[in-house]
1. Any idea how many residues of region 123-145 are farther than 16 Å from residue 204 by Cα and in contact with a helix residue (DSSP H, G or I) (Cβ under 8 Å, 6 or more places away or on another chain)?
2. If I ask for residues that are surrounded by fewer than 21 Cβ atoms within 10 Å (Cβ to Cβ) and among the aliphatic types (A, V, I, L, M), which ones from region 218-243 would you list?
3. Inspect all residues belonging to region 242-251 and state whether any of them is at pLDDT 85 or above and either out of contact with any Phe, Trp or Tyr (no Cβ under 9 Å at 6 or more places or on another chain) or not β-branched (Val, Ile, Thr) (or both).
4. Within region 140-154, can you find the residues that are assigned to a helix (DSSP H, G or I) and modelled with pLDDT under 90?
5. Show me the helices (runs of 4 or more DSSP H) found entirely inside region 1-109 where at least 3 residues are closer than 24 Å to residue 211 by Cα and modelled with pLDDT of 70 or more.
Amino acid sequence: MLSATASNKNRFGLFKVSLVSLGIIVLLVSIANVSNINLQSTFNVKVLLGFFISQVALFLYSLRFRLVMKSTGIPLKIIDAFRINTFAVFYHFFTPLSMGADLTKFIKLKKNHDSASHRITSIIFDHVVGICSLVVLSTSLFILRKPELGELSLKGSQPLLGVALCILTITVVVFRKDIKNVFENMLLSIKGNWSLIFVAFYFSIIMHMTLAAGIFVGSHGIGVTIQYIDILFVLSLSMILQSVPVSILGVGATEVAGVAIYTAIGLPITTALLLVALLYTYRLITSVAGGIWQLVDNNDAYSSSEKSKSISDSS
């Protein structure tokens with residue numbers, strides 16, 4: 001029975017990894033067609049270097065996550081933090097309403113802390129630290145850059161925004177008492193761990209700057225010329241919406257806002273779509289790595305369980 005369950009999990013995992021891999025191929029073909037470049041040229045050094053830099057950004061995010069967890073009383077090794085966040089990217093694409101990432105963190109943190117409410121508070125606190133860093137970064141860039149924003153084009157995204165607003169309103173109404181408790185617990189964490197939270201905030205800023213650098217390098221690989229500060233400005237603004245719980249296969253409010261802001265600062269819609277698609281492609285590739293790691297992790301766990309069972313039977 002245990003063997004059949006593990007086999008089914010492996011088949012389902014392989015199916016998801018295959019599906020994401022197919023999605024990457026389709027997306028790369030679409031990018032090549034839109035930008036009128038040869039598909040082979042999308043696999044050049046700059047694109048690959050941009051992807052590598054984006055993985056450095058994921059590692060920096062894992063450092064932030066680990067520090068925030070530590071400030072709330074959840075000890076976590078850096079390799080575990082990186083593994084959990086790689087898994088989270090994978091499940092982000094396959095769970096409705098973009099709850100896959102947070103749900104993955106919630107489940108994987110169980111071995112570090114039994115309390116469900118405490119884990120929820122810690123994950124929300126991580127979002128708060130991230131949003132605060134984005135607000136500070138985007139505000140600073142707005143003052144520094146002084147952009148002349150055109151009209152934000154949200155055509156076709158009204159239904160998505162409407163659903164997001166409804167979900168947020170219902171969540172606040174239904175869980176208002178729990179939200180109050182979460183807020184109080186976060187204040188307690190802040191009060192006793194200022195240094196950890198400050199360092200986590202610093203890592204968050206550096207992480208977003210690193211991610212923007214990855215997109216900047218990769219964009220030159222697909223023939224798009226844009227200033228680094230413009231990419232950082234758009235990312236810092238659009239990613240504030242990353243916590244809005246609405247997405248389809250990883251496409252949500254962040255991607256919609258990214259396209260809208262790129263066009264608002266004067267880029268053609270095709271260029272805006274290319275830049276958003278580039279980041280999306282990097283995340284898709286990361287999700288495949290996360291899916292493979294998940295399969296290996298499950299196999300290791302299953303092997304350990306079988307070994308323990310065999311030892312127990314022999315005894």
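The values are calculated or read from the model by the stated rules, or taken from the named source; none is laboratory data. Model, not experiment: these values are computed from the prediction. Here Cβ is always computed from backbone atoms with ideal geometry, including for glycine, and neighbour counts include all displayed protein chains.
1. Matching residues across region 123-145 total 3.
2. Those that are surrounded by fewer than 21 Cβ atoms within 10 Å (Cβ to Cβ) and among the aliphatic types (A, V, I, L, M): 224, 226, 229, 240, 241.
3. No: region 242-251 contains no residue that is at pLDDT 85 or above and either out of contact with any Phe, Trp or Tyr (no Cβ under 9 Å at 6 or more places or on another chain) or not β-branched (Val, Ile, Thr) (or both).
4. Passing the criteria: 141, 142, 143, 144, 145.
5. Of the helices (runs of 4 or more DSSP H) lying wholly inside region 1-109, those with at least 3 residues that are closer than 24 Å to residue 211 by Cα and modelled with pLDDT of 70 or more span 45-71, 78-92, 100-108.
Rundown of residues vs (1) modelled with pLDDT of 85 or more; (2) farther than 30 Å from residue 256 by Cβ; (3) not hydroxyl-bearing (Ser, Thr, Tyr), yes/no style:
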position	(1), (2), (3)
180	no, yes, yes
191	no, yes, yes
195	no, yes, no
203	yes, no, yes
211	yes, no, yes
217	yes, no, yes
223	no, no, yes
